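See structure below.
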Amino acid sequence: MKYMIIGGGCAGIEAAREIRRRDSEVKIIIIDDSGDSFIFRPALKEYLMGAIRKEELRGLPAGFFIDKRIEFLKGTVTSLDADKTLITVKENGKDTVKNYDKLLLAHGGRPNLPPYLGDRDLKNVFQFKSLGDAESIKSHLKTSKGRCMVIGGGVLGVETAELLSRMDHNVTLLSRSENLVFRGIPKRLRQRVRNLFEKNGVAILMCKMVTDIEISGDRLTGLVLDDGNLLEMDMLIACTGISPNLNLAAEAGLEISKGIHVDRTMRTSRENVFAAGDCVVLDWSSRKILRLWEPSRRMGRIAGANMTGANEVFDPYPSFYHTYLFDVPLGFFGDFDTPGEDYDRVTRKTDDGYRELVIKNNRLVGASFMGGRPSPPPFLHLMKSGKKIRGGFRQLLDDDFDIERLWYQ
Amino acid sequence: MRKWVSHDIDLCIGCNRCMEACPVTKKHITIADLNMATEPETEVPQNIIDFSFNCVQCGRCVPVCPAGARRDYMVLFIKYKLRAQKPGKYDKYIQIKDQDKRGFELMKQKLYTTYMKLKHRDLRQYMGSVPSENKEILFYPGCYINSPEVIRRTMKLLNFVGTPYNILGGLNTCCGIPHLLIGEFELAEKNMDLLHAKINRSTPKIVITGCAECFEALVRIKAKHKTEYDILTVTEFLLTHRDKFPKVRLRPNITLHDSCRITRRYNRGEAPRKAIEMFSKLVEMENSREKTLCCYYWNMGHDGANDKNRKKRLNEARGKSKTLACDCITCYEKYVGLDDGIEVIDILELFEEALDKEGGAR
């Protein structure tokens, strides 16, 4: 039996591990174009800041591939034939055709660039996804004095803006929509996040479109906004989302839309082809796209298990995101953004933040907060189990609520 | 636990902030190695075995995690995995502490208790007996009944306040947290269940303790058995009677050593602060509240750098004040007498001194 995994990110690696855990004999091959074995990609921020060294980014213990007898191949998969179960891999400039018994597409996506930049090769425009990106940003920042422009108000955008600001750079965050962090963020929370950034010296421009750009040589020097203002800058980091890699899936005739369609068991529309991670879309779930670290790992594991014949199911609910921005905790859980009248919202403003719970039919279905003492796992447990707590959910908003209590619910 | 731990491994984004915050000795540990060692079926490499036994379960790694993962539980799970090979120091520690000892170990426990009873005759009636008379307050010192100075002080203050109280103490009333902290989950659970039954015999309205570990056990018992009584630290209880205490100024200023459990874990750091403000002026150290450092007790001396770390902490305190107050008996006992340059006090000493001072004036 030959298991082929395209992509050595967290989903791919987790799948490989799961396959090996269940079967010590089969052949497992991971094909990855970067050649880097799995790194903690979210920790690239810490790397950029100089808090951790390159070795510490490594997501796997040394000798992992040898121990687990997993073959790691540096190469690019250029075509997939799901009828003949064949893939073509380009290694060192040479094409090789390989066959598989089970295939996992875990090749993620690539970061988008704002359309107004076209396909010019500009030396001070960066993306922030790979170790290579982090290296280039790092070396540019050494000499950079002027304004750092961060484009995109999503998770990556706000995290990058916070990071640069903490590194004492002059940062402006530009978002084309009125949302920050996530779509559907409660208005008052959004205002708090905005205030927090402004308090820390980050300018935030929302609902602004770029109408023109200014270039000098091979450098981008300014953005012209729809209000006529010119924003001069020294560098730009584009955090404008990720587009899944769909070429192979399209070629093989897999069902695709904004990603590769998978069912709850991570099977695609073709037999023996699975997909997991950033490249998939869950068209059966209210959370269709979950391009976050933890669900990708879980998806990978479930795909791996099911490739060996199991029938495990991926549950995207409740998805969540949690981070610190300027040392203030910020978290989003489950259906924090669901509109509608049959949802009760319990909110509380505090000195340093805002908290909101979303309750439906006496069940906690979502929460968002800033500040306080959060502890995501028990919250998630409460949402998933549908259990109530004695004294009502409102207590969850209290500063001195004993979160440990939930473990026994 | 297993389920939560594997969930937390998935959450980990490898930012290393937990290891940055960790105060104990660790050699060449990467997050990748640590996560791998935490998984239920994997082997634990030697450097992680050492680190896990050095871990004091102070929880300093928890509030710094951007993904909200519980590194403390993850390392505790490693301790659980390694419980068959735990070091002698760990074993020695729980040899006489337990509510359900049998055979030779029970004999040892009884011998020790008899020795303590003879040594501290005034406290002997509280060592190992379970009160059954209904009284509003239950003072639960557990194993620290064997720290007579602190017990006498607490009793003096409780007598002064005047609310009727029972005392539940002794090695055979151990709260189970020592077992939990060395990875003996089943023993911990059993001890907590037995303690629950012992507390219930006197149906208290409030249970008070001065030990952070006992406090944690009480909170866990309350959550599990849904008990009605309130749980307070001794300081919190005394503060509810603050008006009875004389208003005297005791020292120019005092700094506070926060407890890992009472302050960081349960967010109950206000009471010791208010207590200090009653009699003196509070000066905060930089590593206070959530950032507090440990007393390095709960690795049972496995980490050779414990004393060095404690001295570092006392140095930090010395930079702020001539007096360091501890709210938890465990912290107090680990810091007192370690450094001549700073006075370390149990926070209850302030209440006691205030009484003595006023008594003297009269």
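A few notes on this one:
- Of all lysines in the structure, the ones whose alpha carbon falls short of 18 Å from that of A:Lys388, not counting any fewer than 8 places away in one chain, are A:Lys360, B:Lys222, B:Lys224, B:Lys226.
- Sites listed here are GluC sites (Glu not before Pro) in the stretch B:181-229 whose DSSP assignment is loop and whose Cβ has at most 14 other Cβ atoms within 10 Å: B:Glu228.
- Peptide A:51-59 is shielded by partner chain Cβ atoms: per residue, an average of 5 of them sit within 10 Å of its Cβ.
- Chain B: relative contact order as a whole-number percent, Cα under 8 Å and 6+ apart: 16
- FRET E, pair B:Lys190, B:Lys281, Förster distance 51 Å, beta-carbon r, rounded to 0.05: 0.65
- Expected-Rg normalisation [2.2 N^0.38 Å, Cα atoms] applied to chain A: 1.04
- Springs between Cα atoms under 10 Å define the GNM used for chain B, and in it the highest mean-square fluctuation of B:Arg310, B:Arg289, B:Arg251 occurs at B:Arg251.
- Largest-first ordering by accessible area, 1.4 Å probe, given options B:Arg102, A:Arg176, A:Arg17: A:Arg176, B:Arg102, A:Arg17
- Protein heavy-atom accessible surface, 1.4 Å probe, per residue over the stretch B:313-362: 43 Å².
- Computed from the alpha carbon positions, the gyration tensor of the stretch B:1-155 leads to an equivalent ellipsoid with semi-axes of 39, 19, 15 Å, biggest first.
- Accessible surface, the stretch A:321-408, averaged per residue in Å² (probe 1.4 Å): 41
- Assigned charges on the beta-carbon of Lys, Arg, Asp, Glu; the stretch A:279-379 dipole about Cα centre (debye): 200
- Placing a pseudo-label 7 Å from each Cα along the Cα-to-Cβ vector at A:Lys258 and B:Ala84 gives an inter-label distance of 5.0 nm.
- Percent carbon-and-sulfur accessible area, the stretch A:261-370, ignoring ligands, DNA and RNA, probe 1.4 Å: 42
- Residues along the stretch B:214-233 losing 20 Å² or more of accessible surface when the other protein chains are present rather than the chain by itself (probe 1.4 Å): B:Val219, B:Arg220, B:Ala223, B:Lys224, B:Lys226
- Probe 1.4 Å - accessible area at B:Tyr266, Å² to nearest ten: 20
- Dipole of the stretch B:80-193, positive direction: furthest Cα of B:Ser132, B:Leu168, B:Tyr93, with charges on the beta-carbon: B:Tyr93
- Here the protein assembly as shown is assigned +1 on the Cβ of each Lys and Arg and -1 on the Cβ of each Asp and Glu. Its dipole about the Cα centre then comes out at about 2080 debye.
- Of the residues B:Asp33, A:Asp212, ranked by 1.4 Å probe accessible area with the largest first, the sequence reads A:Asp212, B:Asp33.
- Long-range Cα-Cα pairs in chain B (distance over 25 Å), rounded percent: 55
- Burial of 20 Å² or greater, the stretch B:266-291 residues [accessible area, probe 1.4 Å, versus chain by itself]: B:Tyr266, B:Asn267, B:Glu290
- Checking every one of the GluC sites (Glu not before Pro) in the stretch A:229-273 against DSSP loop status and a limit of 16 other Cβ atoms within 10 Å picks out A:Glu255, A:Glu271.
- Within the stretch B:282-362, the GluC sites (Glu not before Pro) that combine a DSSP coil assignment with at most 15 other C-beta atoms in a 10 angstrom radius are B:Glu284, B:Glu286.
- A 1.4 Å probe run over the protein chains yields, for the stretch B:2-85, 34 Å² of accessible area per residue, whole-number rounding.
- The calculated Kirkwood hydrodynamic radius for the stretch B:2-85 is 12.5 Å, given to one decimal from all distinct C-alpha pairs.
- Each of A:His261, B:His179 has its accessible area taken with a 1.4 Å probe; listed largest first, they run A:His261, B:His179.
- Share of carbon and sulfur in the accessible area of the stretch B:242-337 stands at 48%, probe radius 1.4 Å.
- Taking all protein chains together and rolling a 1.4 Å probe, B:Trp4 ends up with roughly 50 Å² accessible.
- Candidates A:Leu60, A:Leu73, A:Leu246: whichever shows maximal mean-square fluctuation once chain A is modelled as a Gaussian network with Cα springs under 10 Å: A:Leu60
- A dipole drawn for chain A from +1 and -1 charges on Cβ atoms has a positive end, and of A:Pro316, A:Asn362, A:His107 the residue lying farthest that way is A:Asn362.
- Paramagnetic reach from B:Glu41 (point 7 Å along Cα→Cβ, amide N under 15 Å) across the stretch A:1-37: A:14-26
- The stretch A:153-258, accessible surface, carbon-and-sulfur percent (1.4 angstrom probe): 44
- Residues along the stretch B:67-105 losing 10 Å² or more of accessible surface when the other protein chains are present rather than the chain by itself (probe 1.4 Å): B:Ala67, B:Gly68, B:Arg70, B:Tyr73
- Options A:Gly50, B:Gly337, A:Gly12, ranked by Cα towards positive dipole end of the protein assembly as shown, top entry (Cβ charges): B:Gly337
- Value of D in µm² per second that Stokes-Einstein yields for the protein assembly as shown, Kirkwood Rh from Cα pairs, at 4 °C (1.567 mPa s): 45
- Pairs of Lys residues in the stretch A:118-192 are counted when their Cα atoms are under 16 angstrom apart and they lie 8 or more places apart or on different chains; the count is 4.
- For the chain pair A and B, the buried solvent-accessible surface (1.4 Å probe, both sides summed) amounts to about 3500 Å².
- Estimated [θ] at 222 nm from DSSP helical runs (n ≥ 4, -39500 (n - 2.57)) normalised by residues in chain A, nearest 500: -6500 deg cm²/dmol
- Restricting attention to the stretch B:247-357, the count of lysine pairs at 8 or more positions apart or across chains with alpha carbons under 17 Å apart stands at 14.
- A:Ser37 contributes about 40 Å² of solvent-accessible surface, heavy atoms of the protein only, 1.4 Å probe.
- Annotation for B:Glu358 and A:Lys74: the two label points, set 7 Å from Cα along the Cα-Cβ direction, are 7.7 nm apart.
- Only Lys, Arg, Asp and Glu carry charge here, each on its Cβ (+1 for the first two, -1 for the last two); on that basis the stretch A:113-238 has a dipole of about 600 debye about its Cα centre.
- Once the gyration tensor of the Cα atoms in the stretch B:213-302 is diagonalised, the equivalent ellipsoid follows with semi-axes of 25, 20, 10 Å, ordered largest first.
The values are calculated or read from the model by the stated rules, or taken from the named source; none is laboratory data. Predicted model only: the values in this text are computed from it and were never measured. All Cβ positions, glycine included, derive from the backbone under ideal geometry; neighbour counts span all protein chains shown. Just the protein is used for accessible areas: all its heavy atoms, side chains included, with ligands, DNA and RNA removed. Shrake-Rupley method; radii C 1.70, N 1.55, O 1.52, S 1.80 Å.
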